[in-house]
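Below you'll find the structure, written out as structure tokens, and then a few comments.
Taken together, the values in this text are just the output of simple stated rules run on the coordinates, not laboratory data. Every value quoted in this text rests on a predicted model; they were computed, and no experiment measured them. Here the Cβ is made from the backbone with ideal geometry for all residues, glycine too, and neighbour counts use every protein chain on show.
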Amino acid sequence: MDLDLLSGAALTGPALLGSLAVLALVDSTSFGTLLIPIWLMLVPGRLRRSRIVLYLATVAGFYLVVGLVLLTVAAVALPQLMELASTTPFLWAQLVVGAALLVGSFFVGGKRKREGPGRFARWRERAVTDASEERSSVLPLMGLAVAAAGVEVASMLPYLIGIGLLSTSDLDSSARVLVLVGYCVVMVLPALVLLAIRSVASRAIEAGLARISGWMERNAAETTGWIVGILGFLLARAAAVELGLFDALG
């Protein structure tokens with residue numbers, strides 16, 4: 001990541017908060033913060049809103065914990081980490097990892113065992129509607145939230161930029177934590193708004209949400225492959241630029 005961007009110095013006050021709000025809204029459109037919640041909302045019959053709120057709270061909590069860890073690390077070791085990231089061995093390692101992710105993305109979801117139509121839909125229905133065996137249905141839902149956030153966190157550049165802006169701001173520690181909490185809330189806010197609409201006007205939006213759900217069930221693996229591939233390309237390209245490999249071609 002560009003050190004100039006992180007030290008960009010130092011947006012303050014409304015400029016900082018405005019930039020973070022925009023970054024959070026971009027993050028709110030990701031697979032884990034919007035598309036999976038939409039898919040969960042499409043369960044037929046009575047929707048237990050508390051389950052969706054639990055999912056979103058778990059996602060937001062996960063990102064909050066990751067953000068606090070990154071802020072803590074940045075507070076004590078940001079210059080050293082940025083210096084390490086610019087060394088030749090690190091850049092070559094980044095290039096190799098990026099290339100491996102790019103190649104591996106072609107195999108993600110390439111061949112899928114067909115397990116019968118509606119399997120995921122049945123799991124979803126149990127997860128967000130079943131009042132019996134509360135714990136057995138809640139824990140997988142929380143696990144899904146953590147897994148989705150964990151897979152995406154490294155590729156969510158806006159979030160990492162936001163952490164960088166916060167770590168170089170003139171805010172004190174408590175204010176940074178408060179702003180980070182607000183960031184995580186904004187990340188899940190669009191999904192909460194859709195949940196409210198789904199609760200009061202489900203028929204009006206059901207057709208549109210159903211189309212999104214169908215696309216997701218057909219293309220979830222392929223979408224994951226694209227995410228992995230794009231992340232690998234960006235990592236490899238950034239390393240190649242820093243190593244001057246493109247200069248040789250020119």
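Can you give the FRET efficiency to the nearest 0.05 for residue 84 and residue 200, using r as the Cβ-Cβ distance and R₀ = 51 Å? Can you show the working numbers first?
On the way: r = 52 Å, r/R0 = 1.02.
Efficiency, rounded to the nearest 0.05: 0.45.
Work out from phi, with θ = phi - 60° and the Karplus expression 6.51 cos²θ - 1.76 cosθ + 1.60, the ³J(HN,Hα) of each residue of the range 61-77, listed in order in whole Hz, and give x for Gly and Pro.
Whole-Hz 3J(HN,Hα) from phi for the range 61-77: x, 4, 5, 5, 4, 4, x, 5, 4, 5, 4, 5, 5, 4, 5, 10, 9.
Could you tell me the center-to-center distance, by alpha carbons, between the range 165-199 and the range 29-77 in angstrom?
Centre-to-centre (Cα) distance: 11 Å.
If I model a spin label as a point 7 Å beyond the Cα along the Cα-Cβ vector, how far apart are those points for residue 49 and residue 99 in nm?
The answer from the label model is 5.3 nm.
Once you place label points 7 Å from the Cα toward the Cβ at residue 65 and residue 92, how far apart are they in nm?
Placing both labels 7 Å along Cα→Cβ, they lie 3.7 nm apart.
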